[in-house]
Amino acid sequence: MADRAQTKFVLAEKDIPTKWYNIAADLKTPPAAVLHPGTGQPIGPADLAPLFPMELIKQEVSTERWIEIPEQVRDVLRLWRPSPLFRARRLEKALGTPARIYYKYEGVSPAGSHKPNTAVAQAYYNKKEKVARIATETGAGQWGSAIALASQMFGLQCKVYMVKVSYQQKPYRRVMMETWGASVVASPSPDTQAGKKILEKDPDSTGSLGIAISEAVEDAATRDDTKYALGSVLNHVLMHQTVIGLEAKKQLEKADDEADVVIGCAGGGSNFAGLSFPFAADKLAGKRKKLRIVAVEPTACPSLTKGVYAYDFGDTVGMTPLVKMHTLGHGFIPAPLHAGGLRYHGMAPLVCKLYDEKVIEAVAVPQLATFQAAIEFARSEGIIPAPESAHAIRVAIDEALRCKKEGKRQTIVFNLSGHGNFDMGAYEQYLAGKLQDYEYPAEKIAEALAGVPQVKA
Ligand SMILES: Cc1ncc(COP(=O)(O)O)c(C=O)c1O
């Protein structure tokens, strides 16, 4: 029996999962093919080889349910995993809710978010295949920090294209990456053809994840010693994050509890998938039919709730393969929200497929209500959340208030994907009343959707 006041549910190092969970094994129908951007034909491993090490390409298309986590990867994960699951007793009390709220805290990693879970695995496979240098993009700076850290751990060089608005808002994230040995430029940058093209059209471009991806992909594709690493969206990235949900399920067992609602914020979908896919496995197996799984996105960039389900490019310029996903159009540049990691026009194809099949739900929340939830959380639980993670908190609070209204004692579990200790600029603006909501940009989205390629699904 769990102690009635127990707040932290912790596991031993031996409980770090030894295998990743691959949800592709449990889908009712196979995922849509990935198409070549030039020919429109399904791509094969050889098409991806200039960008990724072969082991990751194999994972990308694997339908094995469980994939072994290499010992050297687990050795690095040991630095912070297993991460704690907290019962948010103080928040529950502040809300006066009968619901039980738990959060899985991924901010305990050295980089401060869930992103190192996949960065370490990706750096390991690159090193194993004798790659010398990694090129990548970063939005909020969390992914860049994670891959800078992981590159350092495995002796790789690292170049980070950082979305300009974040580069300006978060100078200490840049310094963090440089401390771990990475080299960082603001994107769009003059270092690539893609960046130069955007700067010619719009010298004041604040950048976007889509643009930064174009730059990093071009860098990797044009250098023999370099491969590309992506911090979200791809199947293998989502799979590496499932250590979160696998641990959380064990921790809930320790708490003698079972989730009714599982919540994660969704930019490209990786932390959401990491927590929720091991729970979704039960739902797909017909075991937990009533379990609700909710992805939360910003109203300023609502790819699941307002996008179209179609083939589109993963980047802005149109260099990446075409994937079937909920998209706002690859040309869509979201407002400069403080949740930089949620400013992406698309969404992970696996998350989209589950959404399309109604295994998961999605909801969009505005910036001000999100910061209000972040403050409420910080003042009751102590941890100052990343603005991205605060989207999950907003919906966890809304669900807890619904339980209060309905007099239901449900169990709510959300992913606190990172801390916000480098986001003080955003908190300062919120506290000074200077932040604004960005209404659903219907016109801009319609314009960008017109540019989605016409591919028969
Ligand atoms: C703390 C945090 N949470 C969430 C995200 C969104 O990414 P994803 O949807 O891949 O988890 C980011 C992205 O940078 C992030 O830094």
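So for the range 251-261 (the condition being more than 19 Å from E13 (Cβ to Cβ), within 13 Å of the ligand (Cβ to nearest atom) and surrounded by fewer than 24 Cβ atoms within 10 Å (Cβ to Cβ)), does at least one residue qualify? Checked against the condition, which is being more than 19 Å from E13 (Cβ to Cβ), within 13 Å of the ligand (Cβ to nearest atom) and surrounded by fewer than 24 Cβ atoms within 10 Å (Cβ to Cβ), the range 251-261 yields no hits at all. I'd like to check something: does the range 237-256 contain any residue that is over 24 Å from the mean Cα position of the chain (by Cα) and in a loop (DSSP other than H, G, I, E, B)? Yes, the range 237-256 has at least one match.
Within the bounds of the range 204-219, is there any residue that is open to solvent by 20 Å² or more (accessible area, probe 1.4 Å), in a helix (DSSP H, G or I), at pLDDT 95 or above and away from the ligand (no atom under 16 Å from the Cβ)? Taking every residue of the range 204-219 in turn, at least one turns out to be open to solvent by 20 Å² or more (accessible area, probe 1.4 Å), in a helix (DSSP H, G or I), at pLDDT 95 or above and away from the ligand (no atom under 16 Å from the Cβ). D423 meets each of the listed conditions (1) open to solvent by less than 20 Å² (accessible area, probe 1.4 Å); (2) touching a Leu at 6+ places or on another chain (Cβ under 9 Å); (3) charged (D, E, K, R) apart from (2). G341 meets the conditions (1) under 25 Å from V261 (Cβ atoms); (2) more than 14 Å from the ligand (Cβ to nearest atom); (3) open to solvent by 10 Å² or more (accessible area, probe 1.4 Å) in every case but one. The failed one is (2).
For the range 294-305, check the following and say yes or no: at least one residue is out of contact with any helix residue (DSSP H, G or I) (no Cβ under 6 Å at 6 or more places or on another chain), farther than 24 Å from G112 by Cα, buried (at least 24 other Cβ atoms within 10 Å of the Cβ) and modelled with pLDDT of 95 or more. Scanning the range 294-305 turns up at least one residue that is out of contact with any helix residue (DSSP H, G or I) (no Cβ under 6 Å at 6 or more places or on another chain), farther than 24 Å from G112 by Cα, buried (at least 24 other Cβ atoms within 10 Å of the Cβ) and modelled with pLDDT of 95 or more.
Within the range 118-140, residues that are over 15 Å from D75 (Cβ atoms) have Cβ atoms under 8 Å from residues that are among the small types (G, A, S) and open to solvent by 20 Å² or more (accessible area, probe 1.4 Å) in these pairs: G139/G341; A140/G341, counting only partners at least 6 apart in sequence or on another chain.
Given A396, A390, which one is assigned to a helix (DSSP H, G or I), within 16 Å of the ligand (Cβ to nearest atom) and under 22 Å from K170 (Cα atoms)? Of the residues listed, the single one that is assigned to a helix (DSSP H, G or I), within 16 Å of the ligand (Cβ to nearest atom) and under 22 Å from K170 (Cα atoms) is A390. Of the helices (runs of 4 or more DSSP H) lying entirely inside the range 114-175, the ones with 2 or more residues being within 16 Å of the ligand (Cβ to nearest atom) and of a type in the set (A, V, I, L, M) are found at 116-128, 142-153. Tell me yes or no: at least one residue of the range 402-418 is out of contact with any Leu (no Cβ under 7 Å at 6 or more places or on another chain), open to solvent by 20 Å² or more (accessible area, probe 1.4 Å) and within 13 Å of the ligand (Cβ to nearest atom). No, the range 402-418 contains no residue that is out of contact with any Leu (no Cβ under 7 Å at 6 or more places or on another chain), open to solvent by 20 Å² or more (accessible area, probe 1.4 Å) and within 13 Å of the ligand (Cβ to nearest atom).
Within the range 324-338, take every residue that is closer than 15 Å to I213 by Cα and open to solvent by 20 Å² or more (accessible area, probe 1.4 Å) and give me the one that is farthest from the chain's Cα centre (by Cα). Only one residue fits best here, namely G331.
Checking every residue in the range 187-198 against the condition of being out of contact with any Asp or Glu (no Cβ under 8 Å at 6 or more places or on another chain) and within 16 Å of the ligand (Cβ to nearest atom) gives zero matches.
Only residues that are within 19 Å of D282 (Cα to Cα), of a type in the set (S, T, Y) and open to solvent by 60 Å² or more (accessible area, probe 1.4 Å) were counted in the range 1-39, giving 1.
Please go through the range 177-191 and give me each residue that is over 22 Å from the mean Cα position of the chain (by Cα) and either at pLDDT below 95 or surrounded by 19 or more Cβ atoms within 10 Å (Cβ to Cβ) (or both), ordered by number. Of everything in the range 177-191, just one residue is over 22 Å from the mean Cα position of the chain (by Cα) and either at pLDDT below 95 or surrounded by 19 or more Cβ atoms within 10 Å (Cβ to Cβ) (or both), namely S189.
The condition (being more than 28 Å from L337 (Cβ to Cβ), within 19 Å of the chain's Cα centre (by Cα) and surrounded by fewer than 23 Cβ atoms within 10 Å (Cβ to Cβ)) is satisfied by just one residue among E60, E129, E55, E68: E60.
Of all the residues in the range 431-441, those that are open to solvent by less than 90 Å² (accessible area, probe 1.4 Å) and free of Cβ contacts under 8 Å to residues at least 60 places away in the same chain number 2.
For the range 230-247, check the following and say yes or no: at least one residue is more than 16 Å from the ligand (Cβ to nearest atom), small (G, A, S) and either in contact (Cβ under 8 Å) with a residue 24 or more places away in the chain or in contact with a Gly (Cβ under 9 Å, 6 or more places away or on another chain) (or both). Checked the range 230-247: no residue is more than 16 Å from the ligand (Cβ to nearest atom), small (G, A, S) and either in contact (Cβ under 8 Å) with a residue 24 or more places away in the chain or in contact with a Gly (Cβ under 9 Å, 6 or more places away or on another chain) (or both).
The values are calculated or read from the model by the stated rules, or taken from the named source; none is laboratory data. Please read these numbers as outputs of a predicted model, since none were measured by experiment. Because the Cβ atoms are built from the backbone with ideal geometry, glycine has one as well, and the counts that use them run over all protein chains shown. Quick note on the areas: whole protein, heavy atoms, side chains included, nothing else; ligands and nucleic acids left out. Shrake-Rupley method; radii C 1.70, N 1.55, O 1.52, S 1.80 Å.
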